[in-house]
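Trainee: Got a structure for you, questions after.
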Amino acid sequence: MRFMKMHQLRALAEIVKAGSIQRAARAMNLSQPALSKSVRELERQLGVPLLVRGATGATLTPFGAILSKRYEVMQKELDKAREEIDWLKGTLGGRLLVGMSPPAAGAGMASVFASFRQRQPSVELELLELRPAQIFDAVRSGVIDLGIVHHYGATDVAGLQCVTLKSYQTVLAIGGHDPALPQCIEQLWDREWITSDLADHADGYISVLASRLGIDPPSRLFRCTSIAVYFELAEQPQLVSHWADNISPYLDMKFASGALTRLNLGIDLPAMDITLVYKDDELLSPGGALLTKIIRSAFDL
């Protein structure tokens, strides 16, 4: 089988992006027959159809979807290769995308990024707030360079390097000052809970805690992915919330004011781990390698 050529793969990608061969040809300043020929040659080489051609446009077949997905990853890696070459030439600072889940921000990460900015001011550093599952997918697909995530269960993500930076103990609290505090698991489970976990997050706090206790999650769960809103809602009377002690000063203030009441039921609560996630040391850009080094050093790793 002949090797696939980049112009053939690009032709396929542009057709998918434009939605039709005619529009893609215009976008690429090519004739429609020339563009069609590139894709047909590719289909002939692979022995499978890549596009479903119709009167209203063209869509990918399952074979085409696989090839298109791999081409996108390849393009991202080529872009990173160009950035590395420019970095070595000293002509460009490069671009570094980092995904962070909100609770990880309380782990002293601001000083880490400030240190990186001082050492590499020409690098275009972008910090994106994402959920843990989004970060794992984005790192794996090459959309972002690395991620810093919080999680409560074991981390074993295929194809990714995961380095635990720090673990924090967690506490349970109830909104306001409740004279009839829960005294056992059953009473605690009867209350309404607030959590920042999504329903499909298997390593979320509630899922891990319920698994440890050998019971189903509470039936009344209020899910809130906005951290700012979570902080406010948690003070509602009789609402059970979970916290990590990386924000101890804030919690101490709320406990002292009576806005929150700490619950002590002798339960073995899950710890919150902060983990650095990236694809592979060899695939990190110079900027990514430097930031990874600064992060490890900040956590004495």
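Trainee: Within segment 103-139, take every residue that is basic (Lys, Arg) and more than 9 Å from the chain's Cα centre (by Cα) and give me the one that is farthest from Leu290 (Cα to Cα).
Mentor: By that ranking, first place goes to Arg117.
Trainee: From the list Val229, Val277, which one is of a type in the set (Val, Ile, Thr), in contact (Cβ under 8 Å) with a residue 24 or more places away in the chain and on the phi < 0 side of the Ramachandran plot? Talk me through it step by step, then tell me what you get.
Mentor: Values: Val229 fails: in contact (Cβ under 8 Å) with a residue 24 or more places away in the chain.
Result: Val277 is the single residue among Val229, Val277 that is of a type in the set (Val, Ile, Thr), in contact (Cβ under 8 Å) with a residue 24 or more places away in the chain and on the phi < 0 side of the Ramachandran plot.
Trainee: Another one. Condition first: in contact with a Gly (Cβ under 9 Å, 6 or more places away or on another chain) and not small (Gly, Ala, Ser). Now tell me which residues in segment 132-149 satisfy that.
Mentor: Within segment 132-149, Pro132, Gln134, Ile135, Phe136, Val139, Arg140, Val143, Ile144, Asp145, Leu146, Ile148, Val149 meet the criteria.
Trainee: Further question on the same structure: What about Gly94, is it touching a Phe, Trp or Tyr at 6+ places or on another chain (Cβ under 6 Å) and of a type outside the set (Lys, Arg)?
Mentor: Considered against the rule, which asks whether it is touching a Phe, Trp or Tyr at 6+ places or on another chain (Cβ under 6 Å) and of a type outside the set (Lys, Arg), Gly94 comes out as yes.
Trainee: For residues in segment 1-57 being among the hydroxyl-bearing types (Ser, Thr, Tyr) and not in a helix (DSSP H, G or I), which is surrounded by the fewest Cβ atoms within 10 Å (Cβ to Cβ)?
Mentor: Our first condition is that a residue be among the hydroxyl-bearing types (Ser, Thr, Tyr); within segment 1-57, this holds for 20, 31, 36, 38, 56.
Next, from what is left, pick out any that are not in a helix (DSSP H, G or I): 20, 31, 56.
Working: Ser20: 18, Ser31: 11, Thr56: 7.
Once the filter is applied, the top-ranked residue is Thr56.
Trainee: Confirm whether Gly106 is under 28 Å from Asp245 (Cα atoms), assigned to a strand (DSSP E or B), touching a strand residue (DSSP E or B) at 6+ places or on another chain (Cβ under 9 Å) and of a type in the set (Gly, Ala, Ser).
Mentor: no
Trainee: Within segment 203-301, which helices (runs of 4 or more DSSP H) (wholly inside it) include 1 or more residues that are assigned by TED's automatic domain parsing to the domain that holds Ala110?
Mentor: Passing ranges, in order: 286-298.
Trainee: If you scan segment 165-198, which residues turn out to be without any contact (Cβ under 8 Å) to a residue 60 or more places away in the chain and surrounded by 12 or more Cβ atoms within 10 Å (Cβ to Cβ)?
Mentor: Those that are without any contact (Cβ under 8 Å) to a residue 60 or more places away in the chain and surrounded by 12 or more Cβ atoms within 10 Å (Cβ to Cβ): Gln187, Trp189, Asp190, Arg191, Glu192, Trp193, Ile194, Thr195, Asp197.
Trainee: Take the residues in segment 37-55 that are more than 36 Å from the chain's Cα centre (by Cα) and more than 15 Å from Leu9 (Cβ to Cβ); name whichever of them is modelled with the highest pLDDT.
Mentor: Going through the qualifying residues, I end up with Gly47.
Trainee: Taking Cys162 as meeting all but one of (1) under 18 Å from the mean Cα position of the chain (by Cα); (2) surrounded by 19 or more Cβ atoms within 10 Å (Cβ to Cβ), write down the number of the exception.
Mentor: Failed condition: (2).
The values are calculated or read from the model by the stated rules, or taken from the named source; none is laboratory data. Treat the numbers as computed from the prediction; the structure is a model and nothing was measured. Here the Cβ is made from the backbone with ideal geometry for all residues, glycine too, and neighbour counts use every protein chain on show.
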